[in-house]
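Visitor: What follows is a single structure, and I will ask about it in a moment.
Nothing in this text is a laboratory measurement; each read-out follows from the coordinates by a stated rule. Worth saying up front: this structure is predicted, and the values here are computed from it rather than measured. As a convention, Cβ positions derive from the backbone with ideal geometry for all residues, glycine included, and neighbour counts pool all protein chains shown.
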């Protein structure tokens, strides 16, 4: 007989059941739509921010129109130029917002009328254009030939030579750290909860007893965690890929290298965190007497998850505090804190290696513990088991 | 051959099984009989390795029973357990695969047993859509699908209609004829009597009695029910027989080894018109009642 490994069979059944379930499909669709919306909506809002409208009053101001547009293009500033007949018309247009700034140029002065403030970029742009027009007029009046004037006014290109790399975008890193924490928190809570209720369902429907005649408790446990884990990753993967595609289509935010570097570490700690928490959730799922108790019994497992997420805020505030560094090695908090620290750029390689080793060891321990509780609790009828009883009981 | 010796298991303070010893030989159907809480389910769970007994030996083919053996046993638990949202053919095939069959064989086996159990045409139904009796048939298919070497069935007849009871009885007899040992529990003593070569009667975790029906019967005196119109005092003179009890349908006499039924009949006739004279059935139900009373 060509034996398929039992864990794979159990995992395969979990995956098949989830693929067939309408709830899973709806959840995947909702998550994906949500992620795409989060990316598309800001770009829609941003593109509706129209270029600055510059009103030029009278012929003397209107004369600088072409030069103004040319300079704006070089400076990569979006403007739209409109001609306005007189001051009264200009004032009412500024007031009703159809024009952002109205410019009038006299012989020795120029005025830019705005509602409240003039953006420094637009101000500098106007100043440079007006100055150049003024210089050109003065040189022409002095009888300088046009070719010499043009040569004199030719802009000198300025290039930048940086001695050090550009400063890291601290804001982007904080956002990335927070997003990673949130992603882990939501998905671990969601899929960990799925493990707990799946185990509870097998217990309360008594399927576990039939299964245990053929499968070891540990195989059943690992298969369940693996199957739900694969579904979780697939669901997350679909959402992330959809998000990246949406981002490329709408030419949204330029994904900074921080995020790309962060992705593998989020994935790694997601897997480690998922394994650790799922085994714990499976243990509590096996202790219930009724399906409705799952949420209440899961509280002790969900608390450190919430705690870890909240600690991400403190990590952003004080990434190198000794106690944050210490907590990032404590297994229940590590899945949230370590990616956050990596995002904020305060982690050395040995810390990552040590943390992964610690996580692996605690996953092993948690799996042993969960299997012990699970095998003692899963075929017991009657009232919900307490932790103490569950640990005292002998299983397989 | 399945041998259980000195099995002990406690749940907290309560002793569930107390030094239980029993055996099931190849081709033999053994019935576990006892009221709720007598230790039947705990014994079967211990045989299946679902719980680890505190002490005692469970041996299969001469060696201590282990993981590889459990994989070759077929088990039907007292409280049925199936995935409600799974199609029944998928469900039975899944269990076949857990027992080591490749996908195609697993499906063929599942189809075979579903057909044999009268579920042809319902293969694609979900368990939740089936009646209680039909769910029971699926549960049986799960226990039988991997052609197990030993069958352990906890209350397999509970909730089955008479036709299904007959169908299952035939299947069990056929499996026994193929040489498989079968251990099953039931409250339906008439069924146990009909199917089992040997019976183990449990009470509060202990074996009250075990053996073939004939052996059990021999341990108890033959009982005679006699009704003589209106009279009871005629029994005072009988030799070799004593009155066990008395009710509206006459007296029940326990016959000693030297009692002569013919002389009892004559004594009854001498006392008055005899309305009833006959042996009590001596069936399992009677034996059980005497044991636990």
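Visitor: Over what distance in Å are the Cα centres of region A:96-160 and region B:255-293 separated?
Guide: 130 Å
Visitor: Among B:155, B:197, B:79, which one moves the most in a GNM of chain B with springs linking Cα atoms closer than 10 Å?
Guide: Among B:155, B:197, B:79, the largest GNM mean-square fluctuation belongs to B:79.
Visitor: Obtain the nm distance between the two label points defined at residue B:187 and residue A:306 by a simple spin-label model: each point lies 7 Å from its Cα along the Cα-to-C-beta direction.
Guide: Simple spin-label model gives 4.5 nm for this pair.
Visitor: Quick one: if the Förster radius is 51 Å, what FRET efficiency do residue A:60 and residue A:162 give, using the C-beta to C-beta distance and rounding to 0.05? Don't skip to the answer; put the middle values down first.
Guide: Working: r = 41 Å, r/R0 = 0.81.
For R0 = 51 Å, the calculated efficiency reads 0.80.
Visitor: For the protein assembly as shown, rounded, prolate or oblate, judged on the Cα gyration tensor with a ≥ b ≥ c (square roots of eigenvalues), a/c < 1.5 rounded, else prolate if a/b > b/c?
Guide: Details: a/c = 4.19, a/b = 3.56, b/c = 1.18.
Prolate is the answer for the protein assembly as shown, as a/c is 1.5 or above and a/b outweighs b/c.
Visitor: Still on this structure: Go through B:243-256, B:64-77 and give me the packing order, highest mean Cβ count within 10 Å leading. Present the calculation step by step, with values, prior to reporting the outcome.
Guide: Values: B:243-256: 14.7, B:64-77: 18.4.
Highest-to-lowest ranking by the protection proxy: B:64-77, B:243-256.
Visitor: What is the Cα centroid distance between region A:312-382 and region B:166-198, reported in whole angstrom?
Guide: Here the answer is 55 Å between Cα centres.
Visitor: Express in whole angstrom the spacing between the alpha-carbon centres of region B:39-75 and region A:192-242.
Guide: When both Cα centres are located, 27 Å separates them.
Visitor: Another one. Do you know the relative contact order of region A:52-153, to the nearest whole percent, from alpha carbon pairs under 8 angstrom that are 6+ apart? If you can, show how the numbers build up before the last one.
Guide: Details: 117 pairs, mean separation 28.7, N = 102.
Relative contact order comes out at 28 percent.
Visitor: Tell me the label-point distance for the pair residue A:128, residue A:296, using the 7 Å Cα-to-Cβ offset, in nm and rounded to one decimal.
Guide: With each label point 7 Å from Cα toward Cβ, the separation is 7.0 nm.
Visitor: Calculated from DSSP H runs of 4 or more alone, at -39500 (n - 2.57) each and per residue, what is the 222 nm mean residue ellipticity of chain A, nearest 500? Each step should come with its number before you reach the end.
Guide: On the way: 16 runs with 277 residues, N = 396.
One gets -23500 deg cm²/dmol as the mean residue ellipticity at 222 nm.
Visitor: When the helix-only estimate is applied to chain B (DSSP H runs of n ≥ 4, each -39,500 (n - 2.57), divided by the residue count), what is the mean residue ellipticity at 222 nm, nearest 500 deg cm²/dmol?
Guide: On the way: 10 runs with 101 residues, N = 293.
Rounded to the nearest 500, it is -10000 deg cm²/dmol.
Visitor: Could you order peptides A:137-149, A:316-328, A:195-207 by the average number of other Cβ atoms within 10 Å of their residues, highest first? The partial results should precede the final answer.
Guide: Working: A:137-149: 11.1, A:316-328: 15.5, A:195-207: 22.6.
Peptide ranking by packing, descending: A:195-207, A:316-328, A:137-149.
Visitor: For chain B, what does the relative contact order come out to in percent, with C-alpha contacts under 8 Å and a separation of six or more?
Guide: On the way: 538 pairs, mean separation 61.5, N = 293.
Across chain B, relative contact order equals 21 percent.
Visitor: In whole percent, what relative contact order does region B:44-103 give with Cα contacts below 8 Å and a gap of six or more residues? Provide the component values of the computation, followed by the final result.
Guide: Working: 22 pairs, mean separation 13.7, N = 60.
Here the relative contact order equals 23 percent.
Visitor: Count, for each residue of A:209-222, the Cβ atoms from other chains sitting within 10 Å of its Cβ, then give me the mean as a whole number.
Guide: Numbers: counts 12, 16, 6, 9, 19, 16, 5, 3, 1, 0, 1, 1, 0, 0.
Counting other chains' Cβ atoms within 10 Å and averaging over A:209-222 gives 6.
Visitor: Give me the distance in nm between label points sitting 7 Å out from Cα along the Cα-to-Cβ direction at residue A:240 and residue A:140, one decimal.
Guide: Modelled inter-label distance: 6.1 nm.
Visitor: With a ≥ b ≥ c the root eigenvalues of the C-alpha gyration tensor of region B:235-278, is it rounded (a/c under 1.5), prolate (a/b larger than b/c) or oblate? Before the final figure, lay out the partial values.
Guide: Details: a/c = 1.78, a/b = 1.16, b/c = 1.54.
Oblate, since a/c reaches 1.5 and b/c is not below a/b.
Visitor: Would you mind giving the mean number of other chain beta-carbons within 10 Å of the Cβ of each residue in A:19-26, as a whole number? Walk me through the numbers on the way to the answer.
Guide: Details: counts 0, 4, 1, 0, 0, 0, 0, 0.
The mean count of partner-chain Cβ atoms within 10 Å per residue comes to 1.
Visitor: For chain A, rounded, prolate or oblate, judged on the Cα gyration tensor with a ≥ b ≥ c (square roots of eigenvalues), a/c < 1.5 rounded, else prolate if a/b > b/c? Walk me through the numbers on the way to the answer.
Guide: On the way: a/c = 3.71, a/b = 2.96, b/c = 1.25.
It comes out prolate by the Cα gyration axes.
Visitor: Need one value for B:47-59: mean number of C-beta atoms belonging to other chains within 10 Å of its residues' C-beta atoms.
Guide: On the way: counts 1, 5, 4, 12, 9, 5, 1, 1, 0, 0, 0, 0, 0.
Partner-chain Cβ atoms within 10 Å, mean over residues of B:47-59: 3.
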